[in-house]
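Following: one structure in structure tokens, then a few remarks.
The values are calculated or read from the model by the stated rules, or taken from the named source; none is laboratory data. From a predicted model like this one, the values you see are computed outputs, not experimental measurements. No Cβ is skipped: glycine too gets one built from the backbone with ideal geometry, and neighbour counts run over all protein chains shown.
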Amino acid sequence: MLYNRITIANIKLPLFLLAAVLLEAIYYNVAFDILLIIFLFSTAFALGSFFYVKGRLHTIDKALVQLSLGFGIVGFIIWLTTFHNLNYKSLYLTLSFIALALRYRQLLRAAQYFQKVILMTNKRNKLFFPIILLFIFFYIINASYPILRSDGSVKHLSIPFSILNKTNWDYNVIEGVYFGDYALLSHMYSLFLLALGGTKALQLFVAAISFMSLLMLLRISAKINDSNLYINAISLLYLTTPIVFMFSNNLFVDIFPLFFFLAVLLLITNFRNDITSQNIFIIAFLMGSAIFAKQSAIYFLIPVLLFIACSALVSAFKERTFLPNKAFFIKVIGSFLFLLLPFFPSMLVIWHKTGNPFFPFYNATFGSIYFGKWNLVDLRWEEYPLRLDLQSFLSMIFHSGRHWEWADGGIGYFLLLLPVVPVILFIKRNKMGVFLFAFTLFSYWVSTFGSSNLRYKMGMIALSIPLCSLVVVTFVHLFRNEKVRSIAIYCIVMVLLVPNFYYILTPKWLTFSPGMLKPNQDLTLVGNEPILSAINKKGVRVLSNNDVARGAFRGEFYNIVWYNPFLLEKVKSKEISPIEFLKAFDYYLIRKDLPYSHPEFFSFDMKEITEILEPFGEDNHYRLFKIKDEEVLKSEIFESPIVVTAQKHETREFINEYRAYRIVIEAEKTNGKESSGRFQINWADNQGTFSIFPFRLNNGKNIYISPLIEAAPGAKRGGLFLVSHDDTPILIHSYKLVGIKRKSTFLQEALDKYDEKWPHLSK
């Protein structure tokens with residue numbers, strides 16, 4: 001009945017803001033990307049709707065769980081496609097349309113239901129959707145900007161872009177240890193969007209997942225307090241907390257574990273063991289999906305497992321069933337398998353290829369040859385380790401710059417209200433509030449055994465927002481007048497938001513800048529993109545001395561910082577010389593404003609280094625050199641010039657050990673007639689491949705140089721022909737065959753050996 005009384009007048013402001021968002025999408029040219037995201041969400045919900053969420057749960061909660069479950073399934077299916085050379089665009093469109101066709105009735109019912117929910121929610125809480133739409137408008141400004149964060153340009157874009165470029169995934173840890181990560185789930189969504197033509201969709205999708213996480217957080221928080229003031233306060237704090245804003249508008253992966261575990265909390269916070277038991281396989285798969293998204297999900301996994309175990313134990317005591325039966329063992333074993341299903345296959349691949357399932361972590365134990373025999377620890381955050389104590393708590397709030405890559409104030413000063421939460425919960429005796437506080441505190445305590453980087457604790461910070469908001473709401477309820485309460489809570493929240501807005505809107509902290517107000521269609525803002533644009537193609541190998549950002553580079557991008565310890569160790573151990581090391585690559589990149597890495601091996605004061613580096617390009621920030629690797633394989637100067645024709649020629653055989661060749665011929669005409677010669681190599685392969693490049697002779701004796709001749713891939717030998725292009729004879733005085741870039745370098749040998757561990761991944 002309430003729905004029937006809703007009129008257009010009730011939704012004027014949300015409609016106006018929605019229209020503004022649509023116009024913004026057109027202005028920033030992201031309308032297509034937003035449609036792709038909706039398409040991916042629809043596909044995920046269609047797949048998730050195949051599985052029934054059991055128990056007396058609210059329809060919204062069931063739909064959110066099915067959506068999260070569908071995203072886990074979508075990511076896993078996409079990962080399976082990376083083992084073969086496939087046309088991803090056609091495949092993903094086909095699979096998605098099949099899922100949508102099979103479940104279109106469920107999608108239609110869900111759309112109709114959510115339309116009613118939206119209208120009824122707007123009737124009950126007139127500020128909620130304006131708040132959400134206002135921040136969607138603001139988030140689009142940031143998320144539609146080109147990728148500029150180092151993590152995005154080094155890894156999170158590189159993985160899906162490389163898969164799309166290679167049409168498979170080879171986990172090439174020799175190129176970069178970050179390619180050995182088994183937590184690939186978020187990259188699979190990026191692959192899906194890239195394959196279908198989305199570019200801005202990558203960061204916008206992260207923002208969409210963040211808004212869905214907020215919706216689930218609000219559904220959980222409503223079990224503590226369902227007042228409009230409380231819901232709106234949580235929304236405002238969540239959407240403006242700098243750490244949440246940062247990881248919601250850039251190509252980071254930290255929001256995804258929170259997304260999946262909030263779906264788990266929707267199921268277990270009914271505090272009914274029957275609901276948990278009936279949906280235990282779904283819960284297990286969601287937790288496995290969270291780990292497949294990022295390893296830091298373990299901080300949530302342990303508290304959830306402990307809660308489920310305690311709930312089962314309490315239920316057993318109540319029912320006096322102390323001896324486990326067959327059904328119990330089936331659920332335990334099945335849950336364990338569903339937990340492993342999303343991430344363990346990827347971990348097995350990494351284990352097989354590198355010898356370390358957690359590569360590159362814990363390598364002192366597993367001893368992979370592709371990383372140092374030590375445990376990887378980011379020492380930047382260990383000077384001020386975070387523990388479960390007051391000093392750490394205050395340090396996080398006032399000196400957050402000690403604990404992550406950005407400035408102080410990044411996690412929100414509202415957390416100062418957190419110590420008051422136990423007092424409020426003691427007074428209110430709110431079961432859901434007590435659980436959320438205990439869960440958040442225990443998750444944080446578990447995280448203290450890992451890295452002290454605050455980014456890995458973003459989930460706990462997000463879960464703290466409803467708790468801190470509860471303190472504010474409880475305080476304003478001291479005022480009896482409802483209008484006074486509303487004014488008081490929004491005033492307090494605005495005071496808490498001021499430092500958040502200051503942080504977000506300060507350009508030097510890169511959360512927001514005035515340049516974002518102008519549309520920019522670039523995929524990334526990686527500084528080396530302009531200078532690398534001339535060589536941005538498959539097969540090109542670039543060695544970067546001190547810049548790790550690779551963005552959307554199509555070739556292979558190596559560097560000599562810690563990302564590539566396997567390669568540099570060969571120089572340090574004197575297994576190969578610095579010259580041999582450099583010659584394994586095509587180009588050498590140097591960033592001017594960063595310290596030059598390893599001058600003891602690659603100093604420009606060394607003559608042998610400068611002799612093989614040919615300047616190729618330079619701008620204000622970078623220098624690019626072409627690495628010369630040429631060797632004269634055959635050379636003859638004839639005492640008397642030899643006479644050759646197309647029928648009467650001479651041949652010189654050679655072993656095909658180089659990627660390309662160049663022929664230098666000194667020749668002249670035998671008479672004044674127009675004459676032509678040709679550069680010719682016949683390759684000894686099954687196809688009878690040959691390379692021919694004719695050239696016209698000028699008067700007199702001249703030197704003629706061939707274009708670069710690519711070697712036939714399958715040929716072990718080649719034959720250089722000294723020949724004219726027709727029956728007109730020509731004189732050849734000398735020739736040289738120059739090999740360019742050896743096929744068998746130390747790098748190629750290492751890659752071949754690595755690829756042997758799973759051949760079809762490398763083809």
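What tally of residues in region 597-624 results from selecting those that are part of a strand (DSSP E or B), in contact (Cβ under 8 Å) with a residue 40 or more places away in the chain and surrounded by fewer than 17 Cβ atoms within 10 Å (Cβ to Cβ)?
1
Give me the residue from region 625-658 that is touching a strand residue (DSSP E or B) at 6+ places or on another chain (Cβ under 8 Å) and not in a strand (DSSP E or B) and, out of that set, nearest to Asn546 (Cα to Cα).
Among those residues, the one meeting the criterion is Lys628.
Does Leu523 satisfy the criteria of being of a type in the set (A, V, I, L, M) and not assigned by TED's automatic domain parsing to the domain that holds Ser603?
yes
Quick one: in region 1-51, of everything that is surrounded by fewer than 20 Cβ atoms within 10 Å (Cβ to Cβ) and among the charged types (D, E, K, R), which residue is modelled with the lowest pLDDT?
Per the stated criteria, the residue is Arg5.
Of all helices (runs of 4 or more DSSP H) completely enclosed by region 111-212, which ones contain at least 1 residues that are under 22 Å from Gly555 (Cβ atoms)?
Per the criteria, 158-166, 185-195.
So which pairs qualify, if the first residue must be in region 692-719 and over 12 Å from Ser675 (Cβ atoms) and free of Cβ contacts under 8 Å to residues at least 24 places away in the same chain, the second must be surrounded by 12 or more Cβ atoms within 10 Å (Cβ to Cβ) and of a type in the set (D, E, K, R), the Cβ gap must be under 7 Å, and the two must be at least 6 apart or on different chains?
Once the first residue is over 12 Å from Ser675 (Cβ atoms) and free of Cβ contacts under 8 Å to residues at least 24 places away in the same chain and sits in region 692-719, its partners that are surrounded by 12 or more Cβ atoms within 10 Å (Cβ to Cβ) and of a type in the set (D, E, K, R) give Ile692/Arg678; Phe693/Arg678.
Pull up region 306-326, narrow it to residues that are loosely packed, with under 15 Cβ neighbours inside 10 Å and under 21 Å from Asn270 (Cα atoms), then point me to the one that is nearest to the chain's Cα centre (by Cα).
In this case the residue turns out to be Leu306.
Being under 26 Å from Leu340 (Cα atoms) and touching a Pro at 6+ places or on another chain (Cβ under 6 Å) is true for just one of Phe76, Phe51. Which residue is that?
Phe76 is the lone residue from the list that is under 26 Å from Leu340 (Cα atoms) and touching a Pro at 6+ places or on another chain (Cβ under 6 Å).
Looking at (1) in a helix (DSSP H, G or I); (2) out of contact with any His (no Cβ under 9 Å at 6 or more places or on another chain); (3) within 25 Å of Ala63 (Cβ to Cβ), which is the only condition Arg219 fails?
The one condition Arg219 does not meet is (2).
Looking at (1) over 18 Å from His84 (Cα atoms); (2) surrounded by 23 or more Cβ atoms within 10 Å (Cβ to Cβ), which one does Tyr189 not meet, given that it meets all the others?
(1)
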